[in-house]
Protein chains: 2
Amino acid sequence: MTVPQWIDTLDTPYLLIDEAILKRNIVHLKNRVESLGGHLRPHLKTLRTLEAADYLLADKTRPATVSTLAEAEAYANAGYTDLLYAVGIAPAKLERVAQLRKRGINLHILLDNMAQAKAVSDFAQKHQQDFSVFIEIDSDDHRGGIKPEAPELIDIAQQLGRHFTGLMTHAGGSYGCNTADALKAFAKRECDAVRSAKSRLEASNIHCSITSVGSTPTAHYGEDFSDITEVRAGVYTTFDLVMKNIGVCDFSDIAMSVVTTIIGHNKEKGWVLTDSGWMALSRDRGTAGQSKDFGYGQVCRQDGSVLTELCVNSTSQEHGVIELTEAYQPEDFPVGSQLRILPNHACATAAMHPLYHILMSDGSHNTWQRIMGW
Amino acid sequence: MTVPQWIDTLDTPYLLIDEAILKRNIVHLKNRVESLGGHLRPHLKTLRTLEAADYLLADKTRPATVSTLAEAEAYANAGYTDLLYAVGIAPAKLERVAQLRKRGINLHILLDNMAQAKAVSDFAQKHQQDFSVFIEIDSDDHRGGIKPEAPELIDIAQQLGRHFTGLMTHAGGSYGCNTADALKAFAKRECDAVRSAKSRLEASNIHCSITSVGSTPTAHYGEDFSDITEVRAGVYTTFDLVMKNIGVCDFSDIAMSVVTTIIGHNKEKGWVLTDSGWMALSRDRGTAGQSKDFGYGQVCRQDGSVLTELCVNSTSQEHGVIELTEAYQPEDFPVGSQLRILPNHACATAAMHPLYHILMSDGSHNTWQRIMGW
């Protein structure tokens with residue numbers, strides 16, 4: 001690959017997004033899910049920029065997912081109108097939710113217990129405010145939600161009354177899979193969990209208008225989205241090394257890297273020192289428990305070609321250490337030259353960068369600003 | 001401790017700094033080092049705010065340390081004039097260094113190899129620019145620097161000529177200690193390394209005007225700073241759980257916490273779910289290899305009292321999971337109530353927050369803005 005000259009001239013470390021790969025990843029999953037009759041509600045949490053939303057959503061009325069109210073407010077200000085805040089609602093946050101809904105934003109919230117449901121219905125009554133609430137279903141024992149067969153499902157939905165909209169599950173546990181068969185089974189489990197919960201609601205005459213499932217692995221392996229309104233996925237936008245280990249992508253599908261400069265060597269130890277520590281790469285060690293441990297990231301040449309078996313082995317705040325294998329000599333890595341590091345976990349690495357640099361398909365340079373905070 | 005009412009009313013998660021503890025930590029180390037005849041060059045990288053610098057430095061001409069040029073520029077704009085950028089210099093960054101020096105900022109840079117030294121002297125000659133350069137000495141085999149006895153020490157200093165200022169070492173390896181004796185020995189090793197390198201330079205008639213040592217553990221355990229110009233330390237400002245494990249502080253000295261709201265339970269598993277995931281706490285698992293593993297942070301009540309044996313056991317982007325021990329019941333943690341989480345690594349947790357909330361000694365509320373980027 002030819003590297004445009006501007007890539008050399010920016011101060012390192014910086015986050016680089018390859019627009020051509022980003023676009024390809026987005027189109028691929030959209031086509032896949034739509035060919036199965038499904039629809040995406042992309043999660044915007046990986047990049048948290050207005051520009052990325054533009055690639056992910058055909059227009060501003062299309063459904064999207066966010067992980068904080070700060071994102072919901074920023075996307076609402078930019079004209080997006082259908083947003084799911086996919087973290088269990090804290091009662092104190094209902095005021096901010098109400099403010100957005102009063103502005104005509106269809107901001108959906110999530111909950112999984114009666115205390116939250118009562119807080120919602122109390123607030124709604126007191127302030128004459130409509131809400132749209134998803135109940136979280138636990139399909140894999142990994143975090144929040146209630147089981148599809150839990151008795152309180154019906155009670156919570158009844159407590160919510162007209163504020164109840166739908167059912168949502170997230171198979172975060174699918175990150176533990178690494179075969180196609182296991183991923184297919186996990187995707188089925190996700191769908192079956194909400195289908196089964198929906199049947200129970202219907203048997204109690206409670207209408208459920210949306211069923212929402214998804215994670216990047218299950219969205220790429222699900223085979224049957226019938227009776228599923230929407231599929232959520234986020235990190236597929238750029239992919240990362242965790243997703244490569246799971247088997248969802250290859251190195252060449254990873255659209256995010258951190259550009260770094262070599263600042264020294266420890267020849268005795270065979271180390272190359274760089275100016276990218278955990279402040280630029282993040283502390284995420286998501287590949288540590290996987291089939292291949294990439295340390296703090298896979299090392300590539302500046303043109304993106306992968307340097308086999310080289311990763312960032314350790315980091316401090318602003319230093320990275322690459323331990324050379326026998327195939328390499330310190331002289332192959334002159335002081336002042338640049339490398340690119342592929343991230344373990346794109347969401348975590350992006351979170352360290354208030355500004356991203358974009359390599360556009362035509363070789364030109366763009367910048368995107370991250371939406372910060374909560 | 002009484003909690004001021006404003007603490008309840010802010011949206012969680014947010015970073016809270018206790019000013020009274022911060023002040024006490026700062027005064028304690030200053031008095032300690034000065035009583036031994038030493039002087040501090042505090043590292044500003046933990047909080048990266050103008051306000052914290054105000055507490056750490058008696059006036060704006062006092063020496064300070066930074067970890068990025070973005071910090072150097074921000075502190076220079078605020079009037080600070082003596083700054084050490086303590087990461088090996090990348091040749092492409094010399095232009096930004098020169099811009100600051102032209103403005104009268106005594107920005108010192110760091111290097112450990114001939115390629116960097118040549119880049120500095122070439123730039124200096126080409127642009128008629130003075131630099132002030134520290135050579136990094138490796139006192140503990142943990143990262144960068146050259147050994148005090150390395151032949152190239154003299155060559156590098158000679159290559160730098162009039163740009164050479166001093167010697168610097170950082171005993172990052174001291175983080176592996178957890179007894180007073182080991183820490184005292186590490187502090188001595190740091191000082192001895194630069195003393196020995198300085199003697200070699202003097203034997204070659206090279207004047208070394210500054211010797212700089214330090215890390216938070218060694219600054220708190222060093223017993224003899226004779227012939228040492230300055231002692232650097234950073235994380236002692238707020239301390240954290242890693243420092244507690246090393247034995248440098250106790251829970252009550254930790255001035256930083258993340259305030260979080262309980263959003264649900266998994267009663268079957270004995271889990272409490274919160275709205276603070278790794279986005280608020282950071283992915284840092286620095287206590288994982290230490291005597292006590294605090295997961296993603298120690299759980300405290302909202303008034304700061306420590307809940308023995310409770311930590312955040314797992315996180316996803318915006319969720320934290322606290323696994324209850326037998327001493328606690330889910331009912332002790334009602335949905336909507338708040339907790340405080342003490343950080344494993346204050347530098348990493350602060351890095352996740354563009355804005356900090358400050359509990360002032362008089363109970364009032366303040367905010368500090370973080371200097372972002374590189």
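Laboratory data are not the source of any read-out in this text; all were calculated from the coordinates shown. Predicted, not measured: the structure shown is a model, and the values here were computed from it. Virtual Cβ from ideal backbone geometry, glycine too; neighbours counted across all protein chains shown.
Using amide H atoms built 1.01 Å from N in the peptide plane, name the residues 5+ places from residue B:214, or on other chains, whose amide H lies under 5 Å from its own.
B:169, B:171, B:232
Farthest toward the dipole's positive end in chain B, which of B:277, B:369, B:180, given Cβ charges of +1 (Lys, Arg) and -1 (Asp, Glu) about the Cα centre?
So the residue furthest toward the plus end is B:369.
Could you please state, rounded to a whole Å, how far the C-alpha centre of the stretch B:212-232 is from the C-alpha centre of the stretch A:239-309?
34
Simple spin-label model, 7 Å along Cα-to-Cβ: residue B:28 to residue B:128 in nm?
Computed distance between label sites residue B:28 and residue B:128 equals 5.2 nm.
Any idea what the dipole of the stretch A:41-232 comes to, in debye rounded to 20, about its Cα centre with Lys/Arg Cβ at +1 and Asp/Glu Cβ at -1?
Roughly 500 debye for the stretch A:41-232.
Out of all DSSP beta bridges in the protein assembly as shown, what portion is antiparallel? Express it as a percent rounded to 5.
Approximately 55 percent, going by the DSSP bridge assignments.
Mind checking which of B:311, B:142, B:13 is farthest towards the positive end of the protein assembly as shown's charge dipole, using Cβ charges of +1 (Lys, Arg) and -1 (Asp, Glu) about the Cα centre?
Working it through, the farthest residue towards the positive pole turns out to be B:13.
Grab the other residues whose beta carbon is less than 14 angstrom from that of residue B:300, score K and R as +1, D and E as -1, and report the net.
It works out to a net charge of -4.
Tell me, in nm to one decimal, what length is gained between residue A:39 and residue A:337 on full extension, where the rule is 0.36 nm per residue of separation less the Cα-Cα distance?
Going from the current span to full extension adds 102.8 nm.
Based on the Cβ-Cβ distance of residue B:209 and residue A:250, what FRET efficiency does E = 1/(1 + (r/R0)^6) give at R0 = 56 Å, to the nearest 0.05?
It comes to 0.55.
Once you place label points 7 Å from the Cα toward the Cβ at residue B:305 and residue A:226, how far apart are they in nm?
Label at residue B:305, label at residue A:226, 5.8 nm between them.
Using only DSSP helix segments of four residues or longer, with each worth -39500 (n - 2.57), what per-residue ellipticity at 222 nm results for chain B after dividing by its residue count and rounding to 500?
After summing the helix terms and dividing by the residues of chain B, the value is -9000 deg cm²/dmol.
Taking other Cβ within 10 Å of each residue's Cβ, how do A:261, A:325, B:68 sort, fewest first?
Placing the least packed residue first, the sequence is A:325, A:261, B:68.
Ordered by residue, what ³J(HN,Hα) values in Hz, to whole numbers, does the stretch B:235-250 give under the Karplus form 6.51 cos²θ - 1.76 cosθ + 1.60, where θ = phi - 60° and Gly and Pro are x?
Working through the residues one at a time gives 6, 4, 3, 10, 6, 6, 6, 4, 5, 4, 4, 5, x, 8, 8, 10 Hz.
Excluding residue A:91 itself, calculate the net charge of residues whose Cβ lies under 10 Å from the Cβ of residue A:91, where each Lys or Arg counts +1 and each Asp or Glu counts -1.
Neighbourhood net charge equals 0.
Once R0 is set to 60 Å, what does the formula 1/(1 + (r/R0)^6) return for the Cβ-Cβ distance between residue B:9 and residue A:292, expressed as a FRET efficiency to the nearest 0.05?
E between residue B:9 and residue A:292, to the nearest 0.05, is 0.80.
Let me check I have the definition right: for the stretch B:159-305, take the eigenvalues of the Cα gyration tensor, multiply each by 5, take square roots. What are those semi-axes in whole Å, largest first?
Equivalent ellipsoid semi-axes, largest first: 42, 15, 12 Å.
Please report how far the C-alpha centroid of the stretch B:74-113 lies from that of the stretch B:136-180, rounded to the nearest whole angstrom.
Using only Cα atoms, the two centres lie 19 Å from each other.
Arrange the following residues from fewest to most other Cβ atoms within 10 Å of their Cβ: A:324, A:110, A:342.
A:324, A:110, A:342
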